[in-house]
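Data first, discussion second: the structure below is written as structure tokens.
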Amino acid sequence: MTKGRPGEILVSEERLQARIEELAAEVARDYRDRDVLIVGVLKGAIFFIADLVRKLGMGCELDFMAVSSYGSNTHSSGVVRILKDLDHAIAGRHVLVVEDIIDSGLTLSYLLKNLASREPASLEVCTLLTKPRFRRLPLQPRYVGFDLPDVFVVGYGLDADEQYRHLPYIAAFEPDAS
Ligand code: PRP
């Protein structure tokens, strides 16, 4: 159990929604001639996916994967497990993976390798947040909302032991002093 509380607000609700509007416009422009299949990564990305898709202004299909990399710690465990796979095949589809955050990049590296082996027509990534560790890796998400400092964050889908996902903003998590 990670004890603590949300502290400083790093990205306000207004900034989040304004940036998501911009991302949605970019996605809509880039996929105007192709049917996009949004692959959401549960659970953290659900709020981002819901807002992004509603701001797209065009139809899209949705499918979901659930993977686990963190357990109940504030650091990546190094293990990625598929908890729920896609409902449908993606061969020949234009796939856009939507993530809430890329931290170590471990989850995304695993996912991209796994999805690429299913032979989609194209495979791109849209992440709301990145952290510095990932920026040293050769991963290039096509769409990035905000680059964060190296702090543990909660809110807008991101949790600490399943708490605080409901907050409409991104806040630094302040663990209790032990
Ligand atoms: C978070 C987040 C990413 C992953 C990023 O998921 O949603 O999928 O960690 O971390 P990485 O870049 O270090 O691999 P988490 O496993 O916490 O699950 P959740 O979305 O269900 O909370």
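Structure summary
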{"read-out": "Residue selected from region 153-162 under the condition of a type outside the set (Gly, Ala, Ser) and crowded, with 17+ Cβ neighbours inside 10 Å, by the criterion nearest to Ala24 (Cα to Cα)", "value": "Tyr156"}
{"read-out": "Residue list for region 126-162, restricted to those being within 21 Å of Val39 (Cα to Cα) and in a helix (DSSP H, G or I)", "value": "Phe134"}
{"read-out": "Qualifying positions in region 163-174 - part of a strand (DSSP E or B) and buried (at least 19 other Cβ atoms within 10 Å of the Cβ)", "value": "Ile170, Ala171, Phe173"}
{"read-out": "Hits in region 21-57 - residues which are within 16 Å of the ligand (Cβ to nearest atom), of a type in the set (A, V, I, L, M) and in contact with a Gly (Cβ under 7 Å, 6 or more places away or on another chain)", "value": "Ala45, Ile46, Ile49"}
{"read-out": "Answer residue from region 116-125, given it is assigned to a strand (DSSP E or B) and surrounded by fewer than 20 Cβ atoms within 10 Å (Cβ to Cβ) and is farthest from the ligand (Cβ to nearest atom) among those", "value": "Ser122"}
{"read-out": "Of all residues making up region 80-115, the number that are at pLDDT below 95 and either aromatic (Phe, Trp, Tyr) or part of a helix (DSSP H, G or I) (or both)", "value": "9"}
{"read-out": "In region 1-41, the residues that are free of Cβ contacts under 8 Å to residues at least 60 places away in the same chain, open to solvent by 50 Å² or more (accessible area, probe 1.4 Å) and either of a type in the set (A, V, I, L, M) or assigned to a strand (DSSP E or B) (or both)", "value": "Ala18, Ala25"}
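Condition check ((1) open to solvent by less than 20 Å² (accessible area, probe 1.4 Å); (2) within 9 Å of the ligand (Cβ to nearest atom)) across all residues:
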| position | (1), (2) |
| --- | --- |
| Asp87 | no, no |
| Arg93 | no, no |
| Leu106 | no, yes |
| Leu111 | yes, yes |
| Thr127 | yes, yes |
| Phe134 | yes, yes |
| Tyr143 | yes, no |
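The values are calculated or read from the model by the stated rules, or taken from the named source; none is laboratory data. The model shown is predicted, which means the values in this text are computed figures rather than measured ones. With ideal geometry, Cβ positions are generated from the backbone for all residues, glycine too; neighbour counts draw on all protein chains shown. Side chains included, ligands, DNA and RNA excluded: accessible areas come from the protein's heavy atoms. Shrake-Rupley method; radii C 1.70, N 1.55, O 1.52, S 1.80 Å.
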